[in-house]
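Reviewing the structure listed below.
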Amino acid sequence: MKILIVGSGSLFDESLLIRYHQWADVVIAADGGQMHLKKAGLCSDVLLGDFDSIGKAELAEIKDNSNSELITFPKDKDYTDLELAINLAIERGASEIVILGASGTRLDHTTANIHLLYKLSENNIKGYIEDEHNRIYLVKNSITIKKQKDYKISILPLFPFADGVCTKGLSYKLSDAKLSFGTGQGISNEFCDKTATISVKEGLLLVFVSRD
């Protein structure tokens, strides 16, 4: 099952939202993510959160006029709305998850949301975070990515190090390399083939496909 999760972070490209809305079998809005959908004239299948990002009038309108399944959580809770949405997607049998509206001006939230990709990895679910300039993957074995014009690839270790890192189809090749946390060794690599393959033997990699 393909699930789209829409968070309340920045989401300026409406066409991106429309494309993934058409792709998804189920759409989950995490709190203010519902407003991104509404602006684009789209609906969610599930709306969840503590609704601190949606006004009372807006929430009342949603309850009266929407067919979305509504799941309410208390404001004082141990998990962010986006994490609750990911947990629900996993519980409902997602095989692939795309997350929009997960980045923005709050770097603490953005960083925490990137870390949530670990939940997908641990449950063997394909997925990534995407915005207008980036697609972010968490890789524990290997991944093959199609070349995109004007995009670069950055590879960063999560946790102290990633060992046995190999790349194919990138200009700056890595062969059985060890990437340590706290260095920028894997930043801004470039495609030199139609696809790039990145693999790691030990540890986890964050892979960013990014453009200016």
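All of the numbers you see were taken from the coordinates with simple rules; none came from a lab. Here the structure is a predicted model, which means the values were calculated and not measured. Cβ placement follows ideal geometry from the backbone for every residue including glycine, while neighbour counts extend to all protein chains displayed.
With respect to the chain, whose longest principal axis is taken over its alpha-carbon atoms, helix 14-23 is tilted by about 90°.
Of LYS75/LYS146; LYS147/LYS201; LYS39/LYS126, which pairs sit farther than 32 Å apart, going by alpha carbon to alpha carbon? Mind dumping the intermediate values first?
Values: LYS75/LYS146 41 Å; LYS147/LYS201 23 Å; LYS39/LYS126 28 Å.
Pairs exceeding the cut-off: LYS75/LYS146.
Amide H contacts under 5 Å for SER10: SER103, GLY104, THR105, restricted to partners 5 or more places along the chain or on a different chain, H placed in the peptide plane at 1.01 Å from N.
Amide H contacts of SER53 (H built 1.01 Å from N, in plane; Pro and chain starts excluded): GLY32 sit under 5 Å, all sequence-distant by 5 or more or on other chains. Here the simple spin-label model places points 7 Å from the Cα toward Cβ, and for THR195 and ARG19 these points are separated by 1.9 nm.
Test of the criteria: in the range 38-143, which trypsin sites (Lys or Arg not before Pro) are in a DSSP loop and have at most 15 other Cβ atoms within 10 angstrom of their Cβ? Intermediate results must be reported in sequence, preceding the final value.
On the way: sites: LYS38, LYS39, LYS56, LYS63, LYS75, LYS77, ARG92, ARG106, LYS119, LYS126, ARG135, LYS140; in loops: LYS75, LYS77, ARG92, ARG106, LYS140.
Hits after loop and neighbour filter: LYS75, LYS77, ARG92, ARG106.
Taking amide H as placed 1.01 Å from N in the peptide plane, the amide H of LEU158 sits under 5 Å from that of LEU204, LEU205, LEU206, each at least 5 places away or on another chain. Within the shell of other residues whose beta carbon sits under 10 angstrom from the beta carbon of PHE51, the net charge comes to -3, with Lys and Arg scored +1 and Asp and Glu -1. Here the average projected area of the convex hull drawn through the C-alpha atoms of the chain stands at 11.9 nm². Take every Cα pair under 8 Å whose residues are at least 6 apart in sequence, average their separation, divide by the length of the chain, and the relative contact order is 19 percent.
Taking 0.36 nm per residue of separation and subtracting the Cα-Cα distance, what length does fully extending ASP76 through CYS166 add?
Working: separation 90, 0.36 × 90 = 32.40 nm, distance 4.37 nm.
Taking ASP76 through CYS166 to full extension adds about 28.0 nm, to one decimal.
Neighbour counts of other Cβ atoms within 10 Å put CYS43, CYS192 in the fewest-to-most order CYS192, CYS43. Ranked for footprinting exposure by Cβ neighbours inside 10 Å, fewest first, VAL27, VAL6 give VAL27, VAL6. Antiparallel beta bridges, as assigned by DSSP with both residues in the range 1-155, represent about 10 percent of the total such bridges. Each label was represented as a point 7 Å from its Cα along the Cα-to-Cβ direction; for PHE12 and SER95 these points are 3.6 nm apart. Footprinting exposure proxy ranking of HIS36, HIS115, fewest other C-beta atoms within 10 angstrom first, gives HIS115, HIS36.
Please compute the contact order of the range 17-99 in relative form: average sequence separation of alpha-carbon pairs under 8 Å and at least six residues apart, divided by the residue count, as a percent.
Details: 88 pairs, mean separation 24.2, N = 83.
So the answer I get is 29 percent.
Rounded to the nearest Hz, the phi-derived 3J(HN,Hα) couplings of the range 135-146 under the Karplus curve 6.51 cos²θ - 1.76 cosθ + 1.60 (θ = phi - 60°) are 10, 10, 10, 10, 10, 10, 10, 7, 8, 10, 10, 6, where x marks glycine and proline.
Let me know the charge dipole size of the chain about its Cα centre in debye, to the nearest 20, where only the beta-carbon of Lys, Arg (+1) and Asp, Glu (-1) is charged.
I would put it at about 860 debye.
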